[in-house]
Amino acid sequence: MTTLDVRQLSDKVLTTAERVFKELKDQKMLPFNQMDEDPVRHELDRLLLSEVLGITESERPDVHEGLTLLRKMLCKEPSIHGGKKSKVKLEAS
């Protein structure tokens, strides 16, 4: 499986990644098995793709759409959802 080798990222890109994480670190996220409906995870993914990896939605909508599909597929995996029937709902802050 191909994965991102973060050791190959420049210092500038790593600084951008750190900024993105700091911006979102206090946001509440839904459990991992609900990642397909979690707006914070969607924003994190969008920012990492566009600002850190340089894969913008306007230039490569297929990549962003592919990530959306991957989230949906992962949430259907028994090893991810664990048979959970209940859904967590976050209160607006």
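What follows is calculated from the coordinates using simple rules that are stated; it is not laboratory data. These figures come from a predicted structure and were not determined experimentally. Cβ sites come from the backbone with ideal geometry, for glycine too, and all protein chains shown count toward neighbours.
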Listed residues THR68, THR15, THR56, most fluctuating in the chain (Gaussian network, C-alpha, under 10 Å): THR15
Ranked list, fewest to most other Cβ atoms within 10 Å of each Cβ, for ARG41, ARG60, ARG7: ARG7, ARG60, ARG41
Nearest 10 degrees, 0 to 90: helix 11-24 Cα axis against the chain principal axis: 30
Under Karplus coefficients 6.51, -1.76 and 1.60, residue-wise ³J(HN,Hα) of the range 41-49 in Hz, glycine/proline x: 5, 4, 5, 4, 4, 4, 5, 5, 5
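Where a ≥ b ≥ c are the square roots of the eigenvalues of the C-alpha gyration tensor, would you call the range 29-78 rounded, which needs a/c under 1.5, or, failing that, prolate if a/b is larger than b/c, or oblate?
It is oblate, given that a/c is not under 1.5 and a/b is not larger than b/c.
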The chain, dipole about Cα centre (Lys/Arg Cβ +1, Asp/Glu Cβ -1), debye to the nearest 20: 460
Nearest-ten-degree value, helix 61-76 long axis tilted from longest Cα axis of the chain: 30
Value of D in µm² per second that Stokes-Einstein yields for the chain, Kirkwood Rh from Cα pairs, at 37 °C (0.692 mPa s): 222
Net charge contributed by nearby residues that have their C-beta within less than 14 Å of THR68 (K/R +1, D/E -1): -2
Relative exposure of SER10, SER50, judged by other C-beta atoms within 10 Å (fewest first): SER10, SER50
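List ARG19, ARG71 from most exposed to least, where exposure is judged by having the fewest other Cβ atoms within 10 Å.
Sorted ascending by nearby Cβ count, the order is ARG19, ARG71.
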